[in-house]
1. For a quick check of your reading of the filter: which trypsin sites (Lys or Arg not before Pro) in the range 150-203 sit in a DSSP loop and have no more than 14 other Cβ atoms within 10 Å?
2. Which whole-Hz couplings ³J(HN,Hα) result when phi for each residue of the range 255-271 is put into the Karplus expression 6.51 cos²θ - 1.76 cosθ + 1.60, θ = phi - 60°, listed in order with x for Gly and Pro?
3. Summarise the long-distance tail of P(r) for the range 68-180 by giving the % of C-alpha pairs beyond 23 Å.
4. I need Phe300, Phe219 ordered by Cβ neighbour count within 10 Å, fewest first.
5. With θ set to phi - 60°, apply the Karplus curve 6.51 cos²θ - 1.76 cosθ + 1.60 along the range 189-205 and write out the HN-Hα couplings as whole Hz, x wherever there is a Gly or Pro.
6. Under a Cβ-Cβ cut-off of 15 Å, what is the net charge of the residues other than Glu279 that fall near it, where Lys and Arg count +1 and Asp and Glu count -1?
7. Taking θ as phi - 60°, what are the ³J(HN,Hα) couplings along the range 153-167 by the Karplus curve (6.51, -1.76, 1.60), each to the nearest whole Hz, with x for Gly and Pro?
8. Under the rule of at least 5 residues apart or a separate chain, name every residue whose amide H is placed under 5 Å from the amide H of Asp131.
Amino acid sequence: MIFVILWTIIFAFLAIYLGKSPRVRSWLKLIFKAPRVWRTIVASVALVTAIVVTYLMVPESSKPSTNERMLFEDYAATAVMKLDSLQALKVDIDCNLQHPEPELAYVLPLILGAYNEIVEKPTLPIVTRLDDTLHLALKGYKQFKNRGIRLNRLLQKKLGKRYKTKIESEGSTHTLIVTYNDEPWDIEQLTALPVMEAAQRNQLDPALLMSLIRHVSNFNFDYRGRKDSRGILALKEGEGLEQIFIGAERLGKMLQVGVSHENAVATFYPNPEINSKPENWSKSPLTKSWVDQVLSDVEFYHANGLAHFVR
C-alpha cells in the first residue's frame with residue numbers, strides 16, 4: 001500500500017513537471033492525434049489500475065500468528081497448579097500466575113528436590129510470586145542460616161550460572177528468591193517439558209517425540225502441511241501444545257500394538273506424495289530418508305538429557 005501511494009505521488013509530480021514543458025505538450029498533441037497510440041495508453045493505464053485495485057481489495061490473512069511465549073506461560077501456570085494439587089507446594093492466594101516465566105516455573109521440581117534434600121523435616125513451600133522472579137516462602141524455621149547457605153550452594157550447582165538465588169529471612173519465614181539472568185529459552189527448549197509429560201503419559205521415549213516434532217515442523221506452531229494438516233505436529237486436530245499430547249497418544253497406541261518404530265513414524269510424514277498410499281512409504285525415497293532422519297536424531301536428544309524411561 002505504501003509503495004502504491006509513493007509511486008502515485010512520483011507520477012503525479014512528473015506529470016505536473018513535464019506538462020509545463022512546451023516540447024512535451026507538442027509531443028502529447030501528436031500522440032493523441034494517432035488513435036492507436038492513445039487507445040494503447042488508455043488500455044495500459046486501465047490494466048495497471050485494475051491490478052492495483054485488485055491487489056488492494058484482496059484481504060491479508062486475518063489469522064494472527066501463534067503467540068508461542070503465551071502458550072508456554074499458560075502451560076507453566078498449569079504445571080505449577082498441578083504441583084499444588086499434588087501437595088508438593090502451595091500457591092499463595094495472592095500469587096499472580098497470569099504470566100509466569102517458564103524458565104523459572106520449569107525448574108521448580110528441581111528446586112523442591114534440593115530443598116527436601118537439605119532440610120530433614122521440610123515444611124510445605126509456598127509460592128508467593130512467579131513472574132520474572134520466583135519467591136518461595138519457607139515457613140516455620142526459627143533458624144535457617146546454615147541450611148540456607150547449603151541450599152544456595154546446592155541450587156547454584158544444580159541450576160548453573162544463569163540462575164541467581166538468595167534467601168531473605170523475617171522472623172520464622174525465610175523466602176527463597178530465584179531469578180533467571182540469561183537469554184530466554186528457545187521454542188525447542190520450552191517444548192521439552194510438555195514433551196516429557198506427554199511421553200510419560202503414553203510410555204514413550206521423549207527423545208523420539210522431540211525428534212518427530214523437529215522433523216515435522218521444526219517447532220513451528222504455525223506450520224502448514226498438505227491436506228489441511230497444520231500445527232507443531234501437522235495434525236488435522238488440536239491447537240498449540242494440545243497436538244503434542246494428541247500425537248503422543250497416537251504414537252503410543254501404535255507402538256503398544258506392535259507397529260514398528262519406522263512404520264509408526266512414517267504416518268506423521270507431513271508432505272506425502274500425491275496419490276501415494278501410506279503403507280507404501282518405504283518405496284518413496286523422500287519419505288524413507290525423512291523417517292531415517294527422525295530415528296537418527298533420537299540419539300541426539302538422548303545425549304542432551306532426554307532420558308529413555310519407557311518400561
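Bear in mind that the values in this text are calculations on the coordinates, not laboratory data. What you are looking at is a predicted structure, and each value in this text was computed from that prediction instead of being measured. Here Cβ is always computed from backbone atoms with ideal geometry, including for glycine, and neighbour counts include all displayed protein chains.
1. Listed in order of number, the matching sites are Lys161, Arg162.
2. In residue order, the calculated couplings are 5, 5, 8, x, 5, 5, 4, 4, 5, 5, 5, 4, 5, 9, 4, x, 10 Hz.
3. Here the long-distance tail beyond 23 Å is 23 percent of all Cα pairs in the range 68-180.
4. In increasing order of surrounding Cβ atoms, one gets Phe300, Phe219.
5. Karplus values, whole Hz, x for Gly and Pro: 5, 5, 6, 4, 5, x, 5, 5, 5, 5, 5, 5, 4, 10, 6, 10, 7.
6. With Lys, Arg at +1 and Asp, Glu at -1, the neighbours total +1.
7. 5, 5, 5, 4, 5, 7, 8, x, 6, 6, 10, 10, 10, 7, 10
8. Under 5 Å from the amide H of Asp131: Glu101.
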